[in-house]
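The values are calculated or read from the model by the stated rules, or taken from the named source; none is laboratory data. Please read all numbers here as calculations on a predicted model, not as lab measurements. All Cβ positions, glycine included, derive from the backbone under ideal geometry; neighbour counts span all protein chains shown.
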Amino acid sequence: MFELGDPNRLCHMIKAGNEDAFHELYLNMAEPMYRFLVRKTGSESTAEDLVQDLFVRIWKQRKRLDPNQSLKAYLYTAATRLAIDHLRRHSVRKEVGVDEIEVGFDVGNQELNVIHQQQVRDALAGLSNQQRTVFWLSRVEGLTYPEIADCLSMSVKTVETHMSRAFVKLREHLKNHTLFFLLFVWGWPW
């Protein structure tokens with residue numbers, strides 16, 4: 001992927017302060033990092049900002065680079081951490097409210113749509129704030145359980161427990177609407 005040949009050599013050069021090597025890294029990895037961060041954050045402008053932050057941090061902390069580690073893996077790990085930190089600061093600063101989870105779908109009948117949307121809102125209102133937040137991060141934001149755990153400063157087991165309890169409550173609330181419940185939980189087009 002890198003034009004300068006050996007990634008270890010590139011890492012050594014960046015660590016030594018070689019701006020051309022850093023520029024080469026940026027040219028080769030800025031676009032993949034941008035696409036990765038758009039998927040993680042769901043926002044092109046946020047991804048642009050985070051890519052800039054990522055490369056500024058790498059340049060400022062270049063002395064800490066380890067040429068024995070994969071530079072590409074280092075970039076993806078650092079980008080993931082930036083995305084999680086961003087979600088922690090902006091998305092999770094407040095608790096997720098019932099009205100924040102959009103329940104947009106079309107079953108072909110306006111009255112049924114209103115009824116189903118209200119059923120979902122009622123079901124979500126029955127969740128604790130933590131369950132609702134974990135559910136939202138998993139099903140709407142698409143984060144993995146380890147990412148949610150890191151974002152909310154809790155263990156993966158706690159995330160699993162919140163999701164399990166959320167599913168039980170949602171299933172109970174929507175038990176008379178089995179197909180609708182399955183579509184809701186496993187993801188219709190939000």
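A search for C-beta distances below 7 Å between a residue of region 142-171 that is under 21 Å from residue 36 (Cα atoms) and free of Cβ contacts under 8 Å to residues at least 12 places away in the same chain and any residue that is exposed (fewer than 15 other Cβ atoms within 10 Å of the Cβ) and of a type in the set (Gly, Ala, Ser), counting only pairs 6+ apart in sequence or on different chains, returns 149/155.
Rundown of residues vs (1) modelled with pLDDT of 85 or more; (2) closer than 18 Å to residue 10 by Cβ; (3) outside the structural domain of residue 143 (by TED's automatic domain parsing), yes/no style:
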{"site": "40", "(1), (2), (3)": "no, no, yes"}
{"site": "48", "(1), (2), (3)": "yes, no, yes"}
{"site": "51", "(1), (2), (3)": "yes, no, yes"}
{"site": "54", "(1), (2), (3)": "yes, yes, yes"}
{"site": "59", "(1), (2), (3)": "yes, yes, yes"}
{"site": "65", "(1), (2), (3)": "yes, yes, yes"}
{"site": "70", "(1), (2), (3)": "no, yes, yes"}
{"site": "78", "(1), (2), (3)": "yes, yes, yes"}
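Scanning region 14-29 for residues that are in a helix (DSSP H, G or I) and of a type in the set (A, V, I, L, M), we see that the one that is nearest to residue 63 (Cα to Cα) is 14.
Restricted to region 40-80, and to residues there that are assigned to a helix (DSSP H, G or I) and among the polar types (S, T, N, Q), the residue that is nearest to residue 147 (Cα to Cα) is 80.
What helices (runs of 4 or more DSSP H), lying completely within region 99-190, carry at least 2 residues that are among the aliphatic types (A, V, I, L, M) and modelled with pLDDT under 60? It would help to see each step written out before you state the result.
Values: elements: 110-125, 129-139, 145-152, 156-173, 178-186.
Answer list for region 99-190: 110-125, 178-186.
One residue is enough: does region 10-28 have a residue meeting the conditions within 26 Å of residue 146 (Cα to Cα) and not small (Gly, Ala, Ser)? No, every residue in region 10-28 fails to be within 26 Å of residue 146 (Cα to Cα) and not small (Gly, Ala, Ser).
Would you check if residue 50 is under 27 Å from residue 142 (Cβ atoms) and in contact (Cβ under 8 Å) with a residue 24 or more places away in the chain?
Taking the combined requirement at face value, the residue satisfies it.
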